[in-house]
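Heads up: the structure comes next, in structure tokens.
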Amino acid sequence: GQYGTDAVRWWLLREVPRVGDADFTLDRLVSRANDELANGLGNLVNRVVAMIGHYRDGQPPATLAPAPDAEALDQAVTQAPNLIQSALDDFDFRWATAAIWDVVDEANRYINHIRPWELARAERAGSTQARGDLDAVLATLLHACQAIAGHLAPFLPDAAARVAQQCTVSSGGLPAPAPIQRRLIAPGP
């Protein structure tokens, strides 16, 4: 329909409790899709892919060095599979998707905290430390986006496929950033 299956599925997964009812309104569906899928996830993937395009010519850095200050993000990525599995064992889709959303939130928080653009500026000024740190930051963020795509696949196969495609090297580099979820417009009164 007019709002797309991803938006509707996402509302059902995020708002409908395991027992009892959820109040459905189009406004709530639209705002959840916009806040989380368009802004939270879409913006994250867009920023990561654009930074790798801009700072590394679309080539994801191949580094195993730990990224600075990435403990909370690493922990969210590491814990997600077990949290999702135990939530699904209880048929609790809200908890399962919340674990995925932790990764999205931590990755966005991490970008704002670590400020990769400042590392890039220091690298251009000749800092080899900044170069190594930026490689590790970009690799860590790309790995988080790839993990999100994998975890999201059973819940939102279309959006997950778009994330995976954005985060996969083809013909020499990552593709140019493209929207993961278009912003929806709420119906008028």
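The values are calculated or read from the model by the stated rules, or taken from the named source; none is laboratory data. Predicted, not measured: the structure shown is a model, and the values here were computed from it. Neighbour counts run over all protein chains shown; Cβ positions are idealised from the backbone, glycine included.
Restricting the search to helices (runs of 4 or more DSSP H) fully inside the range 5-110 and requiring at least 2 residues that are modelled with pLDDT of 95 or more and among the β-branched types (Val, Ile, Thr) gives 43-56, 71-89. For first residues located in the range 58-80 and in contact (Cβ under 8 Å) with a residue 24 or more places away in the chain and among the aliphatic types (A, V, I, L, M), partners that are crowded, with 17+ Cβ neighbours inside 10 Å and assigned to a loop (DSSP other than H, G, I, E, B) and lie 6+ apart or on another chain with Cβ distances below 9 Å form the pairs LEU73/ALA67. In the range 144-160, the count of residues that are in a loop (DSSP other than H, G, I, E, B) and in contact (Cβ under 8 Å) with a residue 12 or more places away in the chain is one or more. Taking the range 70-114 as the range and being of a type in the set (S, T, N, Q) and farther than 24 Å from LEU138 by Cα as the test, the residues that pass are ASN82, GLN85, SER86, THR97.
Scanning the range 161-172 for residues that are outside any helix (DSSP H, G or I) and loosely packed, with under 15 Cβ neighbours inside 10 Å yields a count of 5.
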